[in-house]
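One structure is given here, and the rest of the page talks about it.
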């Protein structure tokens with residue numbers, strides 16, 4: 001009888017324990033966050049994290065919102081309507097930090113090599129052969145507040161020129177081909193895949209790769225921006241999120257170096273309508289990034305100084321507030337060293 005009663009007690013205890021575990025699991029719903037994405041090739045990392053279940057593994061239910069530029073979503077990020085935004089940097093970011101808004105760069109999301117090209121209209125290729133030849137010619141860029149302005153200024157400075165020596169015009173990347181075809185501008189500052197399409201159509205030829213002129217490098221151009229108030233209130237959750245994003249960022253780096261995962265990365269870019277042409281996506285040059293997610297603080301400080309000196313930015317933030325490297329350091333420490341799956345790759349960056 002004793003052993004029978006003991007057996008019933010043990011069984012009852014086990015059932016109670018299982019019910020408690022099940023109840024706790026049911027009560028622990030995935031945390032919900034919103035990530036804003038500016039669609040571009042570097043955004044493949046966020047989509048890989050989604051498709052490969054990295055967010056799910058971290059206990060996070062991620063909602064993705066598509067935005068046109070990261071600067072337009074700064075109010076949403078600062079007000080915590082979005083917790084993270086992945087997109088290109090602009091004057092808007094530096095202005096927000098200088099104003100003390102609760103945002104910062106958590107991760108590098110795209111840096112040198114950038115493969116940004118200054119194109120010259122095909123019929124002018126024999127007239128514009130050196131950077132000095134750009135004087136007096138028109139250059140179309142995506143925005144007066146974009147990092148492209150900083151890149152162009154660095155290129156011009158190598159020949160003793162300034163932005164005042166060229167006629168700057170502005171249009172979205174998607175319209176630059178038509179503007180060149182109409183001979184409304186002489187040159188264009190482009191990014192992949194738009195520059196590739198313009199060259200393939202014979203509207204312009206490649207003239208300058210900005211990677212050869214812009215210092216210091218690597219240039220931090222695309223980043224994961226985060227709401228710092230949200231991080232302060234959700235430190236464990238934020239760390240899990242950053243680890244998931246860094247796992248996917250390393251997948252992106254493997255794809256950048258043409259490891260087997262590149263096909264999957266191309267597929268997600270097409271699946272989520274970031275790109276429409278699979279073959280084009282596979283053959284164009286992708287932007288690199290740091291596989292540990294570390295932004296280049298020297299680069300960020302130099303970009304801010306340029307905008308301030310050019311009177312595009314009214315106030316400057318302390319250089320050490322332009323990014324918070326603790327997030328990347330903690331995630332990289334958990335994942336360990338990055339190892340290339342394709343060690344024979346000759347490409348720079350993503351190492």
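The values are calculated or read from the model by the stated rules, or taken from the named source; none is laboratory data. This structure is a prediction, so every number in the text was calculated from the model and none was measured. Glycine also receives a Cβ, built like all others from the backbone with ideal geometry; neighbour counts cover every protein chain displayed.
Could you pull out the residue among 140, 128, 103, 198 that is buried (at least 17 other Cβ atoms within 10 Å of the Cβ), more than 27 Å from residue 70 (Cβ to Cβ) and in contact (Cβ under 8 Å) with a residue 40 or more places away in the chain? Give the derivation first.
Numbers: 140 fails: more than 27 Å from residue 70 (Cβ to Cβ); 103 fails: more than 27 Å from residue 70 (Cβ to Cβ); 198 fails: more than 27 Å from residue 70 (Cβ to Cβ).
Being buried (at least 17 other Cβ atoms within 10 Å of the Cβ), more than 27 Å from residue 70 (Cβ to Cβ) and in contact (Cβ under 8 Å) with a residue 40 or more places away in the chain holds for just one of 140, 128, 103, 198, which is 128.
What are the residues in the stretch 185-205 that are in a strand (DSSP E or B) and under 11 Å from residue 122 (Cβ atoms), if any? Explain how you work it out, then say what you get.
The initial filter retains those residues of the stretch 185-205 that are in a strand (DSSP E or B), namely 187-190, 204-205.
Answer for the stretch 185-205, where residues must be in a strand (DSSP E or B) and under 11 Å from residue 122 (Cβ atoms): 204, 205.
Being in contact (Cβ under 8 Å) with a residue 24 or more places away in the chain, assigned to a helix (DSSP H, G or I) and under 30 Å from residue 239 (Cβ atoms) is the filter here, so list the residues in the stretch 269-316 that pass it.
Scanning the stretch 269-316 gives 269, 271, 297, 298, 299, 300, 302, 303, 304.
I need a count of the residues in the stretch 62-74 that are surrounded by fewer than 13 Cβ atoms within 10 Å (Cβ to Cβ) and not in a loop (DSSP other than H, G, I, E, B). It would help to see each step written out before you state the result.
Here is the first cut: in the stretch 62-74, the ones surrounded by fewer than 13 Cβ atoms within 10 Å (Cβ to Cβ) are 63, 66, 68.
The next check asks that each one be not in a loop (DSSP other than H, G, I, E, B); those that pass are 63, 66.
Counting residues in the stretch 62-74 that are surrounded by fewer than 13 Cβ atoms within 10 Å (Cβ to Cβ) and not in a loop (DSSP other than H, G, I, E, B) gives 2.
Can you go through 265, 331 and tell me which one is in contact (Cβ under 8 Å) with a residue 40 or more places away in the chain, crowded, with 23+ Cβ neighbours inside 10 Å and over 16 Å from the mean Cα position of the chain (by Cα)? Write out each step before concluding.
Working: 265 fails: over 16 Å from the mean Cα position of the chain (by Cα).
Going through 265, 331 in turn, just one is in contact (Cβ under 8 Å) with a residue 40 or more places away in the chain, crowded, with 23+ Cβ neighbours inside 10 Å and over 16 Å from the mean Cα position of the chain (by Cα): 331.
Taking the residues in the stretch 75-106 that are part of a strand (DSSP E or B) and modelled with pLDDT of 95 or more as candidates, determine which candidate is farthest from the chain's Cα centre (by Cα).
Taking the stretch 75-106 as the starting set, the residues that turn out to be part of a strand (DSSP E or B) are 84-88, 90, 103-106.
Of the ones still in play, those that are also modelled with pLDDT of 95 or more are 84-86, 103-106.
Details: 84: 12, 85: 9, 86: 5, 103: 16, 104: 14, 105: 10, 106: 11 Å.
If we take residues in the stretch 75-106 being part of a strand (DSSP E or B) and modelled with pLDDT of 95 or more, then 103 is farthest from the chain's Cα centre (by Cα).
Within the bounds of the stretch 156-165, is there any residue that is in contact with a strand residue (DSSP E or B) (Cβ under 6 Å, 6 or more places away or on another chain) and either modelled with pLDDT of 95 or more or part of a helix (DSSP H, G or I) (or both)?
No: the stretch 156-165 contains no residue that is in contact with a strand residue (DSSP E or B) (Cβ under 6 Å, 6 or more places away or on another chain) and either modelled with pLDDT of 95 or more or part of a helix (DSSP H, G or I) (or both).
Name every residue in the stretch 108-123 that is part of a helix (DSSP H, G or I) and touching a helix residue (DSSP H, G or I) at 6+ places or on another chain (Cβ under 9 Å), in order of residue number. Quick ask: steps written out before the conclusion?
Filtering the stretch 108-123 down to residues part of a helix (DSSP H, G or I) leaves 122-123.
Of everything in the stretch 108-123, just one residue is part of a helix (DSSP H, G or I) and touching a helix residue (DSSP H, G or I) at 6+ places or on another chain (Cβ under 9 Å), namely 122.
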